Amino acid sequence: MANNSSKPPFALPAWALALLFIAVIALPLVLAGMADEPIDFWTEAAAATGIAGGTLLLLQLVSSGRFKRLSGRIGIDVTMGFHKWAAPVGLVLVLLHPVLLAAPVDPSDPLVAIRRLWRMLSAPNLWDGVAALVVMGLLIGTALGRERLGLRYEVWRASHAVLALALVGLTVFHALKHGFYASEGMMRLFWPALAVAVVVPMLSVYLRKAISLHRHDWRIAKVRARADRLWEITVESATSRPLEFRAGQFGWLAATGGRMPVYFDHPFSIASGPQDGTRLRFLIQEAGDFTDTVGDLPEGRRVGIDAPHGSFTPDALAGAERIILIAGGVGIAPMVGLLEDMQARRETRPVHLIYAARDSAALLDRALLDPPLQAIGGKATYLADKPGGAEGVGQGPITGAHLRAALGDTPPERCATMICGPGGMTTSVTDTLHQMGLPLAAIHYERFDYDDEAGSIKDRQILTRFRMVGLAVGLAALAFALR
Ligand SMILES: Cc1cc2nc3c(=O)[nH]c(=O)nc-3n(C[C@H](O)[C@H](O)[C@H](O)COP(=O)(O)OP(=O)(O)OC[C@H]3O[C@@H](n4cnc5c(N)ncnc54)[C@H](O)[C@@H]3O)c2cc1C
């Protein structure tokens, strides 16, 4: 079998991304600081929050998880977590911008500042700034409240992209027209350069999809039920051109046919090993508008695949003496790809799969799990939450006892685990394994739903790092205001 497994592409580590992010936000503050003498504290603080907040928000265009150099090392979970965390921080900074311009507050007549603020927000020549604030509010409000607002995912995603582009235009227009420092020295170049730097990669994703559509010409080869409401979709490249990917990665799949790339695509793990990149398997659980229809997809249908993405790969297992794979529900999809890859690479380390589903009918057909497990001498624990399971299926959910059994007699600090499943399961399994002695660096997970609860010890550690980045941005803005 030819090995088409690709080498990990160069991607920046988390610390370098954090430094780069801080540096890009600090750069305009430094350029503005060099350009002119400071005015007064409030005006400078307002300029600092406007510049830092505007830059931070524009940078969100490239933190969508589609850029391998950015999210290839840290993973899509952390990338999306940062995107969700940073955007509201940017909104707070830009909201402070007009408030600080209206300050200081005169204690003898606090309403003066409010009247000043109102005059500013209602001034016809500042329409662009107000429009930018409204667009930002819409972007963040609809992202956080999408489900409560009853917005279809596709509608929300399309509007998110359009609003993001509108935000870039309005922010740059406002900065160039009214910015205190925008016309000074090198600052004249900053906003246009930043706009190009964030919009071009965003648009290049669409170009990449078009190229990929013609390069591989993926067609649906087979659609098959593999459990209750769980479908196996096999696609083949009509050009026989292999996709180079690593086991456990995912692709954005658009399956509405046609010659043009379709932009309403959905992320799905590649549930096959990378050894044959001309034939890919996906395991898709019915979960909504698109996935409910996958069972009816006709064979021969042309599909667009933007892949590979993600860092849920065997690299995570380097150095470990024992491997524990933990899947909940359709989280089994990347595990099938990982197991097939282990079979092809003749994995010699002990491997234990723990796989839980809501009931035994929802458990994936073992014909996809047994051959690779048997080939590598791996063990499996199958669990179902509802009693009355089939033979060999224990009572779910996953408990500490299941995890302890999977660790066997290998010291926990020498084990590594990969987890994929619902948010609650991921959190509880991560925390329990960490309490048993597994280092956080040896616990890897991928979430299928960005709205899932992200509350594990590891998530909290990541959040602390995000906050440190935010603090650095705040300190840079303060240093500018106090210079
Ligand atoms: C990295 C990753 C890998 C995934 N792998 C698989 C897999 O192998 N098999 C599988 O069955 N599912 C997988 N999913 C989940 C799958 O993408 C969603 O279930 C699917 O997109 C739902 O689309 P829908 O139109 O059927 O449902 P909708 O009714 O449109 O949405 C249901 C929910 O799914 C989520 N969702 C919808 N569209 C997207 C999207 N484009 N991007 C992210 N989330 C979305 C939203 O939270 C939404 O509320 C994966 C998700 C991610 C992020």
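Yes/no per residue for (1) in contact with a helix residue (DSSP H, G or I) (Cβ under 8 Å, 6 or more places away or on another chain); (2) buried (at least 20 other Cβ atoms within 10 Å of the Cβ); (3) within 30 Å of residue 347 (Cβ to Cβ); (4) in contact (Cβ under 8 Å) with a residue 60 or more places away in the chain:
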{"residue": "177", "(1), (2), (3), (4)": "yes, no, no, no"}
{"residue": "184", "(1), (2), (3), (4)": "yes, no, no, yes"}
{"residue": "216", "(1), (2), (3), (4)": "no, yes, yes, yes"}
{"residue": "244", "(1), (2), (3), (4)": "no, no, yes, yes"}
{"residue": "251", "(1), (2), (3), (4)": "no, yes, yes, no"}
{"residue": "273", "(1), (2), (3), (4)": "yes, yes, yes, yes"}
{"residue": "283", "(1), (2), (3), (4)": "yes, yes, yes, yes"}
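For first residues located in region 289-311 and in the same structural domain as residue 255 (by TED's automatic domain parsing) and of a type in the set (S, T, N, Q), partners that are near the ligand (Cβ under 8 Å from one of its atoms) and in a strand (DSSP E or B) and lie 6+ apart or on another chain with Cβ distances below 8 Å form the pairs 291/266; 291/284; 291/285.
Restricting to region 141-183, name every residue that is assigned to a loop (DSSP other than H, G, I, E, B) and away from the ligand (no atom under 13 Å from the Cβ). I'd like the intermediate steps shown before the answer.
First, pick out the residues of region 141-183 that are assigned to a loop (DSSP other than H, G, I, E, B): 145, 150-152, 179-183.
Within region 141-183, 179, 180, 181, 182, 183 qualify.
Restricting attention to region 224-242, which residues are within 13 Å of residue 271 (Cα to Cα) and surrounded by fewer than 18 Cβ atoms within 10 Å (Cβ to Cβ)? The one that is within 13 Å of residue 271 (Cα to Cα) and surrounded by fewer than 18 Cβ atoms within 10 Å (Cβ to Cβ): 234.
Taking the listed residues 325, 403, 368, 433, the one that is hydrophobic (A, V, I, L, M, F, W, C), within 21 Å of residue 459 (Cβ to Cβ) and more than 26 Å from the chain's Cα centre (by Cα) is 403, with no other qualifying.
Listed residues 381, 430; which is more than 16 Å from the ligand (Cβ to nearest atom), closer than 27 Å to residue 86 by Cα and free of Cβ contacts under 8 Å to residues at least 40 places away in the same chain? Show your work before the answer.
Details: 381 fails: closer than 27 Å to residue 86 by Cα.
Going through 381, 430 in turn, just one is more than 16 Å from the ligand (Cβ to nearest atom), closer than 27 Å to residue 86 by Cα and free of Cβ contacts under 8 Å to residues at least 40 places away in the same chain: 430.
For region 201-219, which positions are part of a helix (DSSP H, G or I) and in contact with a strand residue (DSSP E or B) (Cβ under 9 Å, 6 or more places away or on another chain)? I'd like the intermediate steps shown before the answer.
Residues of region 201-219 part of a helix (DSSP H, G or I): 201-216.
Passing the criteria: 205, 208, 209, 210, 212, 213, 215, 216.
Considering (1) part of a helix (DSSP H, G or I); (2) under 30 Å from residue 365 (Cα atoms); (3) of a type outside the set (Asp, Glu), the lone condition that residue 198 does not fulfil carries the number (2).
Condition test on residue 235, is it in the same structural domain as residue 281 (by TED's automatic domain parsing) and aliphatic (A, V, I, L, M)? If you could, list the steps in order and put the result at the bottom.
Details: in the same structural domain as residue 281 (by TED's automatic domain parsing): yes; aliphatic (A, V, I, L, M): yes.
Criteria met by residue 235.
For first residues located in region 154-171 and assigned by TED's automatic domain parsing to the domain that holds residue 62 and touching a residue at least 12 places away in the same chain (Cβ under 8 Å), partners that are assigned to a helix (DSSP H, G or I) and within 12 Å of the ligand (Cβ to nearest atom) and lie 6+ apart or on another chain with Cβ distances below 8 Å form the pairs 156/143; 156/146; 160/143. Of all residues in region 25-46, those satisfying the criterion of being over 12 Å from residue 100 (Cβ atoms) and without any contact (Cβ under 8 Å) to a residue 40 or more places away in the chain are 30, 37. Kindly check whether there is at least one residue in region 317-329 that is away from the ligand (no atom under 13 Å from the Cβ), closer than 30 Å to residue 399 by Cβ and touching a Phe, Trp or Tyr at 6+ places or on another chain (Cβ under 9 Å). Within region 317-329, one or more residues are away from the ligand (no atom under 13 Å from the Cβ), closer than 30 Å to residue 399 by Cβ and touching a Phe, Trp or Tyr at 6+ places or on another chain (Cβ under 9 Å). Residues that are surrounded by 18 or more Cβ atoms within 10 Å (Cβ to Cβ) and modelled with pLDDT of 85 or more within region 1-21 comprise 17, 18, 21, listed in sequence order.
Within region 235-250, if we keep just the residues that are more than 16 Å from the ligand (Cβ to nearest atom) and in a strand (DSSP E or B), the residue that is nearest to residue 282 (Cα to Cα) turns out to be 236.
From the residues in region 124-170 that are over 18 Å from residue 57 (Cβ atoms) and of a type in the set (Asp, Glu), which one is modelled with the highest pLDDT? By that ranking, first place goes to 147.
Would you point out which residue out of 289, 296, 265 is within 7 Å of the ligand (Cβ to nearest atom), within 23 Å of residue 362 (Cα to Cα) and surrounded by fewer than 24 Cβ atoms within 10 Å (Cβ to Cβ)?
On the way: 296 fails: within 7 Å of the ligand (Cβ to nearest atom); 265 fails: within 23 Å of residue 362 (Cα to Cα).
Criteria check complete, one pass: 289.
Of all residues in region 446-464, those satisfying the criterion of being more than 16 Å from the ligand (Cβ to nearest atom) and either surrounded by 14 or more Cβ atoms within 10 Å (Cβ to Cβ) or among the hydrophobic types (A, V, I, L, M, F, W, C) (or both) are 455, 456, 457, 458, 462, 463.
Here's the yes/no breakdown for (1) in contact with a Pro (Cβ under 8 Å, 6 or more places away or on another chain); (2) of a type in the set (Val, Ile, Thr); (3) within 13 Å of the ligand (Cβ to nearest atom):
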| position | (1), (2), (3) |
| --- | --- |
| 224 | no, no, no |
| 230 | no, no, yes |
| 233 | no, yes, yes |
| 254 | yes, no, yes |
| 269 | yes, no, yes |
| 282 | no, no, yes |
| 302 | no, no, no |
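The values are calculated or read from the model by the stated rules, or taken from the named source; none is laboratory data. Because the structure is predicted, anything quoted here is derived from the model rather than measured. Positions of Cβ are backbone-derived with ideal geometry, glycine not excepted, and every protein chain shown enters the neighbour counts.
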